[in-house]
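See below for the structure under consideration.
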Amino acid sequence: MLDLFTIFSKGGIVLWCFQSTSHISQLFVPSVNSLIKTVILQERTGSNNNYTQDSLSLKYRLDNEFDLVFVIAFQKILQLSYVDKFLDDIQLEFRDKYKNELARKNYFMEFEFSRNFQEVLMSAEEWGRAQANIPKQMRSYNESSKSKKTVASMIEKKGNDKENKKNGKIIEPQKNGFKEVNQNNVTFNEEDLIAQNRIKMAQKMGAMNSNKLKKNKDKTPKPSPKATKQPRQWPLGGGVKDVSTLDYTKDKANNNPDNQPDIETNSEIVGQMEGNIKDIEIESDSDIDEEENDFDDKFETAAERKKKNDSKKSVFSMFKGLVGRKNLTAADMEPVLEKLKEHLVAKNVAIEIATKLCDSVSSKLDGKILGSFESVASTVKNTMIESLVQILSPKRRVDILRDAMAAKKNNKPYVISFCGVNGVGKSTNLAKICFWLIENNLRVLIAACDTFRAGAVEQLRTHTKHLNALHPAKKHNNQQMVQLYEKGYGKDAAGIAMEAINYAKEAIYDVVLVDTAGRMQDNEPLMRALTKLIKVNEPDMVLFVGEALVGNEAVDQLVKFNQALADYSSTQDPHLIDGIVLTKFDTIDDKVGAAISMTYITGQPIVFVGTGQTYTDLKSLNAKAVVAALMK
Ligand code: GDP
């Protein structure tokens, strides 16, 4: 049970407070004061945001935009699994409700927040109970990455080239990245690397079972110098007869060289997506600790390395190192930041964003007094981690299920439009989102507004049939759960979307998912058409679908999409991108930088993450998991 929850400004004004009993504050006030004095005022806010004193436990969140602190306090003995979620949600709720007042720093008004507090608390407690009921699957030692390390690899860090050569592997730079060449003259192309990355990522996420991994492995295209990617031919007229038709694994193994993966499903997945979307999972803590040490080693400066070595030689010099306090300067940080920037770029963060991030860390730390036990490398790293988590954490509450339910109560369908360039996974992920909505008892109308690409309508028709087969009407009060609204090709997409929304109102569909044609960000006529579709139909949410595979290109796409929506709408308050669907996350191993670039550029959250090719391969972003992978 929570004993105390309070929201105060960094200047010390209490905006709102909850106490479980009237005298509880006497017990907690000294701890809260101590938290403020020793942590918050001294900018020692690490990434775990925990503070314990005697028998009391405090958790806090800083809101740097509005200069607020959210603190929750409870007895240390209690294991409250939901506090982190509660703090995240309550922060968003409060910001959402009072953003205008907070922007004006109007801290002395009456904040009517009791009802919101109770609602958010109840939903977090419910979430905590649900989590407790999910049986935790522990990784066996054999499944862990540690088991794959040889003793030699743990001792010897250098000389990997030698090792690779011994194993017959040479890494050769290529125009589009790197190619691994086996000395036995078998060449692995980029697709192989993607497949391998996919497997590595799946192992880390622990999300895929070994069968599925094997399946993916089997699908790895056989090296063929002539194989080029061909668009799939979707059967005109939607001639799909049954669910298994969507499994193209067999084609691929035999005579389908196009290597274009498609959604594979079986009826066992029904029921797996009820409730909110699960987070991307993170590696076990021990692995991360190990990696953090590696990271520190990698980024420590020569002077620090010398100090460390000296300290090993003499106990006295070690003490000297520990008690030396100093102000950080930009020059101290430069070598660390330079390496950090290279590291971020190697993880696929766009170069421009990596530079900005490093500059902001530098200016945040310039002049800061280094704590007795802190090194420059770890201080810079922790500040970077904090900033990255902050960037990835949504600035407002995005709860599609709740908003769709609210729209349903008002007899209005909730409308989501999808946009993005060709082939990024718009239709596939639209279908996954549709599956999730149906699993949560919402009826969906898919508006086929890609009237451009041959086969686009048929692709959606196939998904619709498939989704209805998984969720037949007889299981839902004889109501068909998903329908396709289509008018063929060549027609005005904005008009079709409008007709679809009106039809959804009449036929009582709860959500309309609008698929739009893929378009390059520089194609003016198509960007104008997209702007028109959004302006005329005013969807509740505009989602940009982008691949996790892209680096600098992601920034260009997003900037130009947003720019076009602003320029061509000719209104003062144009509807820009509200959120991002980050697809193909399973193919990038730990090169997760696109997530940072995309959220940094738009300031909008990553609402969904596509992690594979089944309807259940849809996750929500776990900022800490992504940052851990990024900093590894
Ligand atoms: P659209 O042109 O943007 O509508 O793209 P599609 O939905 O047709 O998807 C293009 C390809 O990407 C298809 O072969 C999909 O199976 C594949 N795809 C989509 N999302 C994912 C994902 O999250 N992971 C993987 N591995 N493949 C995906």
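The values are calculated or read from the model by the stated rules, or taken from the named source; none is laboratory data. These figures come from a predicted structure and were not determined experimentally. Neighbour counts run over all protein chains shown; Cβ positions are idealised from the backbone, glycine included.
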Residues (among the hydrophobic types (A, V, I, L, M, F, W, C) and surrounded by fewer than 22 Cβ atoms within 10 Å (Cβ to Cβ)) located in the stretch 585-606: Ile601
Filter result for Val545 (away from the ligand (no atom under 16 Å from the Cβ), in contact with a strand residue (DSSP E or B) (Cβ under 6 Å, 6 or more places away or on another chain) and part of a strand (DSSP E or B)): no
Top-ranked residue of the stretch 512-528 - restricted to ones that are among the aliphatic types (A, V, I, L, M), within 16 Å of the ligand (Cβ to nearest atom) and under 30 Å from Met481 (Cα atoms), ranked as surrounded by the most Cβ atoms within 10 Å (Cβ to Cβ): Val514
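Quick one: in the stretch 409-459, which of the residues that are assigned to a loop (DSSP other than H, G, I, E, B) and within 19 Å of Val581 (Cα to Cα) is nearest to the ligand (Cβ to nearest atom)?
Gly425
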Residue tally, condition touching a Phe, Trp or Tyr at 6+ places or on another chain (Cβ under 7 Å) and either without any contact (Cβ under 8 Å) to a residue 40 or more places away in the chain or hydroxyl-bearing (Ser, Thr, Tyr) (or both), over the stretch 512-547: 2
Helices (runs of 4 or more DSSP H) wholly inside the stretch 255-369 containing at least 1 residues that are modelled with pLDDT of 85 or more: 330-346, 351-365
Any chance Tyr509 is within 16 Å of the ligand (Cβ to nearest atom), hydroxyl-bearing (Ser, Thr, Tyr), part of a loop (DSSP other than H, G, I, E, B) and in contact (Cβ under 8 Å) with a residue 12 or more places away in the chain: no
